[in-house]
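Remarks on the structure that follows.
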Amino acid sequence: MKEELLDAVLPEERRLRIAAQLRRDTRVRVEDLAVRYSVSGETIRRDLQVLEERGILRRVYGGAVAQEARGWEPGADDRAIARLDPKRAIAAAAAALVEPGETLVFDVGTTVAETARALPATFSGRALCVTLPAAAELAGREGVEVHVAGGPVRRGDLACVGAGTEKFFERFFADRAFVAASGVHAKAGVTGEHLEEIPVRQAILAQAASVYVLADGAKLGRIAVGRVCPLSAVTAVVTDSGADPEAIRALEATGIRVIVAPSGSELE
C-alpha cells in the first residue's frame with residue numbers, strides 16, 4: 001500500500017518528499033529515487049534540477065546534496081517548541097514550493113515563522129512580513145529585500161496588527177503568501193481565533209497570486225470564532241502526516257488541494 005501511494009504522487013508531491021528526505025539524509029541518489037517512485041532517472045534528474053533552482057539542493061554526480069540550512073534552532077518560546085517536528089515538516093514542505101525571485105508574504109504564527117527560517121540560504125527575492133521575528137530572520141540574508149507591515153506591535157509574538165497593517169498590503173502584489181489558521185473546516189473554511197488578525201489575513205489574500213494555509217493536524221476539522229475565507233479562496237492547505245485521514249478527505253472532497261508534509265519515518 002505504501003509503494004502504491006508513492007507511485008501515485010504528483011510531481012510536486014514527489015519533489016516535496018525528495019526535499020524532506022534531503023533534510024534527513026543530506027544526500028540522495030538518482031538511481032535510488034527512480035526505484036522508490038517508479039519513474040525514470042531522467043524524471044528524477046528534472047526534479048533535482050527544479051529543487052536546485054529553488055535553492056533546496058546542489059546536484060552532484062549521480063544525485064544531489066542538501067544546501068546548507070539556516071535558522072532551524074528552536075527558540076525559548078514554549079509555543080514555538082510545542083509540536084516542533086510537525087511544524088518543521090510543514091515549513092520544509094512550504095519552503096520547497098518557493099521559486100527564486102518571488103515576492104513572499106509571511107503571516108503570523110510559529111509555523112509561518114519556521115517557513116521563513118526554512119527558506120534556502122540561496123533564496124533571493126522580497127519578503128513582506130507581519131511579524132518582527134520573521135523579518136529579523138530574513139533581514140540578515142543577502143539578496144532578500146525585507147518589508148515589515150507596520151502598525152501597532154502586539155506583545156508576545158511581536159506581530160503587527162491594525163488598520164495600518166491592512167493598508168500596507170494594498171501597496172504590493174505577492175507571488176505566494178503563507179498564512180496561519182486556528183481552524184480549517186470543509187464547510188466553515190479558514191477560521192481564526194484572534195479577531196484582530198482576520199482583516200490583515202484577508203488583505204493578504206486579496207494581494208497574493210497563491211495562498212497556502214499552514215495548519216498542523218490538530219487544526220483540521222476545527223472551527224474558530226472568526227471566519228477568514230472559504231476554502232475556494234486559497235491554493236492549498238499544508239499539514240503534517242499526523243493529521244486525521246478523515247479530516248484530510250473531507251477537505252479534499254471540497255476540491256481543495258491538501259499537501260501532507262512527510263515525516264522522517266515516512267522516508268525510511
Worksheet item: Any idea which of Val148, Val153, Val144 is more than 16 Å from the chain's Cα centre (by Cα) and modelled with pLDDT under 90?
Response: Val153
Worksheet, complete the sentence: Contact list, first residue from region 224-239 and farther than 18 Å from Glu252 by Cβ, second anywhere and of a type in the set (S, T, N, Q) and open to solvent by less than 20 Å² (accessible area, probe 1.4 Å), beta-carbon distance below 8 Å, six or more apart or interchain, is Ala224/Thr191; Val225/Thr191; Gly226/Thr191; Arg227/Thr191; Val228/Thr191
Response to the item:
Within region 89-136, restricting to residues that are of a type in the set (S, T, N, Q) and open to solvent by 20 Å² or more (accessible area, probe 1.4 Å), the one that is nearest to Ala203 (Cα to Cα) is Thr110
Worksheet item: If a residue has to be open to solvent by 50 Å² or more (accessible area, probe 1.4 Å), free of Cβ contacts under 8 Å to residues at least 40 places away in the same chain and not charged (D, E, K, R) to count, how many in region 240-252 make the cut?
Response: 1
Practice prompt. Scan region 23-41 and give yes if some residue there is in contact (Cβ under 8 Å) with a residue 40 or more places away in the chain and open to solvent by less than 30 Å² (accessible area, probe 1.4 Å), otherwise no.
Written response: no
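Conditions tested, residue by residue: (1) closer than 20 Å to Ala113 by Cα; (2) outside any loop (DSSP other than H, G, I, E, B); (3) of a type outside the set (Gly, Ala, Ser); (4) open to solvent by 50 Å² or more (accessible area, probe 1.4 Å).
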site	(1), (2), (3), (4)
Thr165	yes, yes, yes, no
Phe168	yes, yes, yes, no
Val179	yes, yes, yes, no
Tyr212	yes, yes, yes, no
Arg222	no, no, yes, yes
Ser232	no, yes, no, yes
Val238	yes, yes, yes, no
Thr254	no, no, yes, yes
Practice prompt. Please find, among Arg171, Arg154, Arg201, the residue that is of a type in the set (Lys, Arg), touching a strand residue (DSSP E or B) at 6+ places or on another chain (Cβ under 6 Å) and over 23 Å from Asp85 (Cα atoms).
Written response: Arg201
Worksheet, complete the sentence: Residue hits (region 181-192; of a type in the set (Gly, Ala, Ser) and buried (at least 19 other Cβ atoms within 10 Å of the Cβ)) are Ala181, Ser182, Gly183, Gly189, Gly192
Worksheet item: Looking only at region 151-171, which residues are touching a helix residue (DSSP H, G or I) at 6+ places or on another chain (Cβ under 6 Å) and closer than 20 Å to Gly125 by Cβ?
Response: Phe169
Discussion item. Quick test for you: out of Val112, Val60, Val108, Val98, pick the one residue that is at pLDDT 90 or above and over 11 Å from the mean Cα position of the chain (by Cα).
Written reply: Val108
Worksheet item: In region 137-155, which residue that is farther than 21 Å from Ile56 by Cα and out of contact with any Asp or Glu (no Cβ under 9 Å at 6 or more places or on another chain) is surrounded by the most Cβ atoms within 10 Å (Cβ to Cβ)?
Response: Val148
Practice prompt. Inspect region 205-213 for any residue being touching a strand residue (DSSP E or B) at 6+ places or on another chain (Cβ under 8 Å), farther than 19 Å from Val98 by Cα and free of Cβ contacts under 8 Å to residues at least 60 places away in the same chain and give the result as yes or no.
Written response: no
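The values are calculated or read from the model by the stated rules, or taken from the named source; none is laboratory data. All values derive from a computational prediction rather than experimental measurement. Cβ: placed from backbone, ideal geometry, glycine included. Neighbour counts: every protein chain shown. Note: areas computed on protein heavy atoms with side chains; ligands, DNA, RNA excluded. Shrake-Rupley method; radii C 1.70, N 1.55, O 1.52, S 1.80 Å.
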